[in-house]
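Take a look at the structure below.
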Ligand SMILES: [Zn+2]
């Protein structure tokens with residue numbers, strides 16, 4: 001090597017050292033990590049291998065889980081897409097964003113406009129990371145995760161052009177890879193939203209396995225398209241699906257999971273190939289699960305679904321609320337967390353890993369420091385002409401569901417998840433004291449949340465939350481509503 005080359009090399013080394021030194025000087029904590037948030041819409045936890053499913057639906061997610069913290073009991077804060085994703089992005093409960101109350105009759109557009117208002121007025125995961133120097137990009141495929149609803153706020157690129165595609169995983173994944181190919185040198189926040197597992201569960205031909213095992217040629221598309229919420233009836237094909245039909249439905253659902261998993265495998269291989277896997281936080285979750293004929297009509301206080309149904313939105317049973325939550329970060333190793341957490345905890349957890357200060361008071365908290373089950377609230381759908389409102393409250397092993405009946409009266413159901421994970425035995429009349437306390441707590445908390453909404457976006461001029469949800473939970477615990 002001649003002297004000139006040597007000098008160039010030395011100068012290059014000095015510049016590199018200076019850059020490293022300056023970046024250490026000006027960065028706090030782990031701000032150099034990339035963040036990838038992957039939402040697989042409608043994916044219930046118990047249909048993944050890593051969560052104990054009997055079919056091998058998810059080899060690539062299972063492999064990622066070996067490097068990750070796996071939250072065994074992660075609960076979504078809503079049974080449908082829009083409020084659930086808003087909770088993920090903002091760490092707020094849906095009633096803090098929407099004026100939920102049982103008499104409200106809110107249109108789809110109205111709720112969408114509220115979501116947009118919320119996003120524009122307050123920080124979310126994208127604006128926080130953007131403010132910390134991240135490139136921010138999203139490729140999404142579900143209607144309610146549209147940029148126009150406010151999700152685009154904080155993103156350099158928000159590409160939601162995959163909404164009309166039935167099986168979008170190939171396109172979403174290749175766009176993400178294409179983007180990484182050109183842009184991975186700056187730290188980035190990448191949000192991917194896959195809609196493949198959503199009804200009608202008709203996977204691409206190469207993934208149709210369990211789907212074809214059933215003799216049934218049941219066409220779920222009709223049901224997805226024609227479910228008439230105003231009547232809570234299927235307007236077509238009101239005959240209950242028989243067991244062969246249900247097998248086909250579940251087969252298609254499972255094959256769709258394998259489809260997304262396959263493309264995620266391809267994506268993760270690329271991250272490794274680019275040498276950025278180790279330096280990247282990867283969060284895999286879902287916004288809600290799916291009922292696959294797990295409960296029948298009487299469970300919903302209605303005789304409209306004599307043998308159950310496939311879908312989500314108004315059910316608050318755990319097949320809809322229990323979602324996967326898998327978090328890999330630099331230095332993480334396989335760990336299973338049994339304590340209950342919520343998707344409202346996702347943003348605080350990511351910022352905790354990044355050692356970034358919270359820019360506002362979250363309603364969630366970092367899932368890395370959970371010492372006991374979180375007390376949580378989830379809400380069901382109130383959208384379009386859908387007539388029922390409902391809430392689920394989780395406290396210790398108990399879960400209370402409070403729902404409106406079609407005739408305007410209310411019903412309270414209580415389950416002990418410790419002994420009745422499938423929510424079969426309603427203990428409402430056996431343990432009226434617990435039901436009563438949880439109901440009191442629910443309405444007190446909802447009232448505070450609605451007040452928070454009423455005080456223009458939850459915060460005073462100094463940016464302090466008027467009422468902090470964690471304080472409320474703590475206070476009520478001291479009053480004997482929780483624990484012991
Ligand atoms: Zn969804």
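Here, each number is a calculation from the coordinates, and none is a lab measurement. Bear in mind that the values here come from a model prediction, so they are computed numbers and not experimental data. Note: ideal-geometry Cβ built from the backbone for every residue, glycine included; neighbour counts use all protein chains shown.
Grouping the Cα pair distances of segment 41-80 into 5 Å bins from zero gives a pair-distance distribution of 6, 22, 29, 25, 13, 5 percent in increasing distance order.
Based on alpha-carbon positions alone, could you give the equivalent ellipsoid semi-axes of segment 157-224 from the gyration tensor, as √(5λ), descending, whole Å?
In descending order the semi-axes read 32, 13, 8 Å.
On the beta carbon distance between residue 338 and residue 206, with R0 = 45 Å, the FRET formula returns roughly 0.75.
When peptides 32-39, 164-171 are sorted by average Cβ neighbour count within 10 Å, with the highest value leading, the order is 32-39, 164-171. Per-residue Cβ neighbour counts within 10 Å put 448, 430 in the sequence 430, 448, beginning with the fewest. Mind jotting down the distance between the C-alpha centroids of segment 32-74 and segment 156-204, whole Å? So the separation of the two Cα centres works out to 17 Å.
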